[in-house]
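Here's the structure we're looking at; comments come further down.
Where a number appears in this text, it was derived from the coordinates with a stated rule and is not lab data. The structure displayed is predicted, hence computed values, not measured ones. Note: ideal-geometry Cβ built from the backbone for every residue, glycine included; neighbour counts use all protein chains shown.
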Amino acid sequence: MNQLLLTAIAAACCGLPGIAPAQHELPLSAAVGAPPAPNRPADVSAVKDRLRSLGYVWVPTGDQMDTLTIHTIRLFQSIVQNRETVGGDGADGVVNVNGPTHAWLQHADSPKWRLMPARGEGFENYELVEQVQDDHDHGVHWLAETLIGAGAHYQTNYRAAHPRAAPIVVNDASRDVGRDTPDHLGHETGSMVDLRLPRTDGRAGGITVDSPEYDRAAARAMLVALHQQPLFERARLNDRVLAAETVTVAGQRRPLCIPDRQGRVHDNHIHVDIKPPRGPAPNE
Ligand SMILES: [Zn+2]
């Protein structure tokens, strides 16, 4: 194997600084998706194959356009546009040749749809371990990586010294197919997750920030761990003490969490939002 090839492989798997990771080539001759896109058969099957390979496995195979594939293109657009629900301006269900959706479909870090991990170092997924009848178990791989990274950070930097502290316990993410959920206002685009509140007895959930069982020190350490993750965007929690504290990441001071401006939705859980990584250059 020559050196150039070895370097290319290393760049693709490890994201070496200064070397762009491998792109996925997706040549299109015309727009694909919602009418009046021409939907030429070869283009349609190429887009469907790409979506399926990224984990959107409900997309029907074949070379004909259909409503489920159009919905999935809108879901994909809503993910890369950092929306909480599917649709809105710019999520039009159309892949234009060399447009931003086409560029994201070819991007090396294109969002993959997946089942959230059941457990990892420092975290557990209540959805998959205990609440198996609920189906808010899915999300984008960026979210899975954020949870895995935060769990490891929390374990090393807090739980190792406080072994009786609760792990980070994940509750709802998104439903499969990114469909509308009656349980939440957002939670459609696989880019957000709810965490159960840690308790001083080492369990999680069933309490509010005002309960005597609430383990604020553990919640603080979880939030600090989340802030260290590159795609973490914000945490919503009505803990006035933690909301008044800040953490400095990459020279930026941020509040540990953000309380609700009105209402008390986030009294009994931490809502975590992630953001997409830096996307492809326009007309890439
Ligand atoms: Zn939430």
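Of note:
- Residues with amide H under 5 Å from that of E124, placed H, sequence gap 5 or more: I168, V169, V170
- Near the amide H of V247, within less than 5 Å, lie the amide hydrogens of R254, L256, all on another chain or at least 5 residues away, with H placed in the peptide plane.
- Proximal charge balance of I73 [Cβ under 14 Å; K/R count +1, D/E count -1]: +1
- Relative contact order (percent, whole number), the chain, Cα cutoff 8 Å, 6+ residue spacing: 15
- The fraction of Cα-Cα pairs per 10 angstrom bin, counted from 0 for the chain, comes to 7, 26, 31, 22, 12, 3, 0 percent, rounded to whole percents.
- The overall shape of region 113-274, judged from the alpha-carbon gyration tensor, is rounded, with an a/c ratio under 1.5.
- Highest average packing first - 22-28, 268-274, Cβ atoms within 10 Å: 268-274, 22-28
- Dipole magnitude (debye, nearest 20) for the chain, charges at Cβ of Lys, Arg, Asp, Glu: 680
- HN-Hα J in Hz across region 196-210 - Karplus 6.51, -1.76, 1.60, θ = phi - 60°, x for Gly and Pro: 6, 6, x, 10, 5, 8, x, 9, 8, x, x, 9, 10, 5, 8
- Our summary gives region 113-274 a relative contact order of 21 percent, counting only alpha carbon pairs under 8 angstrom and 6 or more residues apart.
- Computed from backbone phi, the HN-Hα couplings of region 230-246 come to x, 9, 5, 10, 7, 10, 9, 7, 7, 9, 5, 5, 5, 5, 8, 9, 10 Hz, rounded to whole numbers (Karplus: 6.51 cos²θ - 1.76 cosθ + 1.60, θ = phi - 60°; Gly and Pro given as x).
- Relative contact order of region 25-106, taken over Cα pairs closer than 8 Å and 6 or more residues apart, is 31 percent.
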